[in-house]
Amino acid sequence: MGDFSAQKVGQKKDRTLTPHSFQGLLGWLDQGTNSDGQQYLEMRRRLVDYFDRKNLTNFEELADETLNRVARRLEDEGTIESETPAKYCYVVARFILMEHLRETQKERVMVESITKHQPTQSVSEHQAVQEMEIKEKMLNCLENCTLQLDPVNHRIITQYYVGQERVKIENRRELAASLGITMNAVSIRACRLRDKLEVCVRQCLGR
Amino acid sequence: MNNPAANNEKIVKYLLGSLPEAETESFDEMSITDGEFAVALSAAEKDLIDAYVQGELTGATLNDFRSNFLASPFRRGKLDFAEALEAHAKRHQPALSETAGEELLAERPTEKKRPGWFAGKGFFTTPRLAWQWGFAVAAIAFLVAGSWLWSENMRLRQQISQSQGHPEAPGTRESELQKELEQQREAIAKTEMELTRLREERERLAAELKQQAPESQVAAGERSAPNQQPSPRGVNIASFILTPQMRGLQQVPVISIPVDTDRVSLQLELEPDDFRDYRVVLIDQITNRNIWSSSKIKATASDRKTLKVNLPASLLGPNAYVLRVTGVSTGNESEIVGDYRFRVVK
């Protein structure tokens, strides 16, 4: 993420986004201001979560397809009449979801007949070892990513998620007091830092 | 959505896929169209995953988490991350209290640990110990309330029997009430006289001010009251101080902009952070449209970092607005650092 170049639309879609239409999308989402692509990233994140909550495996592709369709419509018609850009994105996302569910329904019979003949996979020892290795690698990535944080943020992320029950609450209260901010403010900050770290770790793992 | 605890409960149900369809659809929409809701949803998801990692989920919540929430590889990835984060946090926390140290040494159980900060936040887990204490406290409260009611009952009975034994009592009470009524009437009359005097005084002062220096009127005020200052060229500026928006429900400050104001100066108090530059965007909360944005601006630092934003007053009608502040790092990376909500009345 973080790459603002025009992306290729899903395999079945006939048109790719031009840099011009992508710029148009960025401008439309910004509504006359320049957010340096932040609005785009935020909208994409929301769409990814939306499709993921529908338990669809190709959630990223569907999120991109939503934004691409919005961009193409913008390019074709010059403007989009909608209450807000977010509202229009939701309408398109919902339409794409329905479309996808209809397609999946058609393919289901075929997929079922294939999977029926596949042997059930059990978690082998090899898989367990692999899982452990991935976890170890993730922890190393996390170490590296947190090293990139400045001391205050590093302290927030290490202190905020420590302990259980009262210890955890007490840790958070102490942290907020030492930073001179409220508990709410510290939780919002920890939440954002966590999002950043998660992205960093995913990139480090090559996912 | 006025009850935060009920809202949190619904958000968790939504995340677990156990919310009724109609509500799910409305939450779906808000998750994309409502920025504030999207933030709350993201925080609730992290809390939910952490609660699972720490073995705090039980019953139907645990079942739904396993069967539905973890059905997605993306969310399983989030769980892996949460586990790694917990391990990392423990590794970097040498100076923990004794209790915390014991907890760190303990193996991660799957279901039996008591709930942690979610319980404190009134989220979705209910610890058995908390119930026990709750019942004990409730029983004591019932006992105390019961004995108070009993003694009050006895006192009232006594009063009734006393008044029945003194036939002149109702008359005495009536005259006492008459007296009180008279006193209140007098007080009201005094207040009205005082009000009339103050009105006259205000009109007199206004007339004097108009005669002496019409261009130098300055209205002083506190936080959300305007401090209207005319510039040498006769531009009226109303200034206000806004504090950062916290998570949860909080009263939105109302700012009153006098009709003849040309510019509105807003001072935004910042939480401590490491940014040197900021950008501010003004969002109309009803339409969710950006109606103004600043260039890069620097914060002024006295005892507290503040950002000064000057807007044309014509931009601000009687409406609800958000000033979204984004921090810009030296590497030109942006991060939203706070929302400042306010309502304008004219």
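Return yes when A:I157 is part of a helix (DSSP H, G or I), surrounded by 22 or more Cβ atoms within 10 Å (Cβ to Cβ) and within 7 Å of chain B (Cβ to nearest Cβ) and no when it is not.
Taking the combined requirement at face value, the residue does not satisfy it.
I'd like the full set of residues that are among the aliphatic types (A, V, I, L, M), within 14 Å of another protein chain (Cβ to nearest Cβ) and part of a helix (DSSP H, G or I), limited to the stretch B:52-66.
Of everything in the stretch B:52-66, just one residue is among the aliphatic types (A, V, I, L, M), within 14 Å of another protein chain (Cβ to nearest Cβ) and part of a helix (DSSP H, G or I), namely B:V53.
Would you call B:V345 touching a Pro at 6+ places or on another chain (Cβ under 9 Å) and surrounded by fewer than 16 Cβ atoms within 10 Å (Cβ to Cβ)? Spell out how you get there, then give the answer.
Details: touching a Pro at 6+ places or on another chain (Cβ under 9 Å): yes; surrounded by fewer than 16 Cβ atoms within 10 Å (Cβ to Cβ): yes.
When the stated conditions are applied, B:V345 passes them.
Just one of A:T84, A:T79, A:T120, A:T104 is exposed (fewer than 10 other Cβ atoms within 10 Å of the Cβ) and either at pLDDT 75 or above or touching a Leu at 6+ places or on another chain (Cβ under 6 Å) (or both); which is it?
Numbers: A:T84 fails: exposed (fewer than 10 other Cβ atoms within 10 Å of the Cβ); A:T120 fails: either at pLDDT 75 or above or touching a Leu at 6+ places or on another chain (Cβ under 6 Å) (or both); A:T104 fails: exposed (fewer than 10 other Cβ atoms within 10 Å of the Cβ).
Result of the check over A:T84, A:T79, A:T120, A:T104: A:T79.
Given the options B:E45, B:E23, name the one that is in contact (Cβ under 8 Å) with a residue 12 or more places away in the chain and closer than 18 Å to A:R44 by Cα.
Sole residue among the options that is in contact (Cβ under 8 Å) with a residue 12 or more places away in the chain and closer than 18 Å to A:R44 by Cα: B:E45.
Hey, any hits in the stretch B:318-327 for a residue that's at the interface with chain A (Cβ under 10 Å from one of its Cβ atoms) and not in a loop (DSSP other than H, G, I, E, B)? Give the steps one after another, and end with the answer.
First, pick out the residues of the stretch B:318-327 that are at the interface with chain A (Cβ under 10 Å from one of its Cβ atoms): B:324, B:326.
From what is left, the residues that are not in a loop (DSSP other than H, G, I, E, B) are B:324, B:326.
So far as the stretch B:318-327 goes, yes, one or more of its residues are at the interface with chain A (Cβ under 10 Å from one of its Cβ atoms) and not in a loop (DSSP other than H, G, I, E, B).
Considering only residues that are over 22 Å from the mean Cα position of the chain (by Cα) and more than 8 Å from chain A (Cβ to nearest Cβ), which ones fall in the stretch B:18-42?
Listed by number, the residues that qualify are B:S18, B:L19, B:P20, B:E21, B:A22, B:E23, B:T24, B:E25, B:S26.
When you check A:R53 against the structure, is it more than 9 Å from every other protein chain (Cβ to nearest Cβ), within 22 Å of the chain's Cα centre (by Cα) and surrounded by 12 or more Cβ atoms within 10 Å (Cβ to Cβ), yes or no?
Considered against the rule, which asks whether it is more than 9 Å from every other protein chain (Cβ to nearest Cβ), within 22 Å of the chain's Cα centre (by Cα) and surrounded by 12 or more Cβ atoms within 10 Å (Cβ to Cβ), A:R53 comes out as no.
The rows are residues; the columns are (1) touching a helix residue (DSSP H, G or I) at 6+ places or on another chain (Cβ under 9 Å); (2) of a type in the set (K, R); (3) touching a residue at least 60 places away in the same chain (Cβ under 8 Å).
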site: B:D277; (1), (2), (3): no, no, no
site: B:V280; (1), (2), (3): no, no, no
site: B:L316; (1), (2), (3): no, no, no
site: B:V328; (1), (2), (3): no, no, no
site: B:G331; (1), (2), (3): no, no, no
site: B:E335; (1), (2), (3): yes, no, yes
site: B:Y340; (1), (2), (3): no, no, yes
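Could you list, in sequence order, the residues of the stretch B:286-317 that are part of a loop (DSSP other than H, G, I, E, B) and more than 11 Å from chain A (Cβ to nearest Cβ)?
Selection gives B:A299, B:S302, B:L316, B:G317.
Just one of A:R166, A:R172 is surrounded by 13 or more Cβ atoms within 10 Å (Cβ to Cβ), within 19 Å of B:K90 (Cα to Cα) and at pLDDT below 80; which is it? Lay out the reasoning, then the answer.
Numbers: A:R172 fails: at pLDDT below 80.
Residue meeting the stated conditions: A:R166.
The values are calculated or read from the model by the stated rules, or taken from the named source; none is laboratory data. Only a predicted model underlies this, so the values are computations on that prediction, with no experimental measurement involved. Here Cβ is always computed from backbone atoms with ideal geometry, including for glycine, and neighbour counts include all displayed protein chains.
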